[in-house]
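**Student:** The structure's right below; bear with me while I get my questions together.
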Amino acid sequence: MFRALFKLVLLVVILVAVGGFFLGWWSARPTLPEGGAVATAGRAGAERAREVGAKIGEKTAVAAQQAKEALGDGAITAKIKAKMALDDHVKALDLNVDTVNGDVTVSGKVRSNAERDRAIALARETEGVRRVVDKITVARAR
């Protein structure tokens, strides 16, 4: 999950850098030539710049939405793990929680069916969870 978040953040940084380059934010040229006169390419150049700016804006908005979703999934996972850590009946270190678009998968080994049921209940009652997939196995008594 952190790899996907890192890729998303990297994508946003690249898009902003490309947008800045096309808009001239980081241009090495001075803002006004020596004579003080500024020449333009006319309306066609300005319209093209607006089109490119609009496309970059759309891509940035999509990347921001993806980042928001990824951070939301991370928050859900953190809430569930915190609930499990604070619960006396669940051994949270033995369980793995993964969240993708609100769908939570809980996996790992527990000591009893009661512990499994409690872990699943904690996941289901967490705000933002759409569905819980139970991949927990109950360890056999020795």
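**Student:** Can you pull out the GluC sites (Glu not before Pro) in the stretch 54-142 that DSSP calls coil and that have at most 15 other Cβ atoms within 10 Å?
**Tutor:** Passing sites in the stretch 54-142 are Glu125, Glu127.
**Student:** With a sphere of radius 13 Å drawn around the Cβ of Leu122, what net charge do the other residues whose Cβ falls strictly inside it have (Lys, Arg +1; Asp, Glu -1)?
**Tutor:** 0
**Student:** Past the 23 Å Cα-Cα mark, which pairs from Lys7/Lys59; Lys7/Lys68; Lys81/Lys109; Lys68/Lys91; Lys7/Lys91; Lys59/Lys81?
**Tutor:** Flagged as over cut-off: Lys68/Lys91; Lys7/Lys91; Lys59/Lys81.
**Student:** In addition: Sort out for me the Cα centre separation of the stretch 73-142 from the stretch 3-22, rounded to whole Å.
**Tutor:** Between the Cα centre of the stretch 73-142 and that of the stretch 3-22, the gap is 34 Å.
Computed from the coordinates by the stated procedures, all read-outs in this text should not be read as laboratory data. Everything numeric in this text was worked out from a predicted model, so none of it was measured. Neighbour counts run over all protein chains shown; Cβ positions are idealised from the backbone, glycine included.
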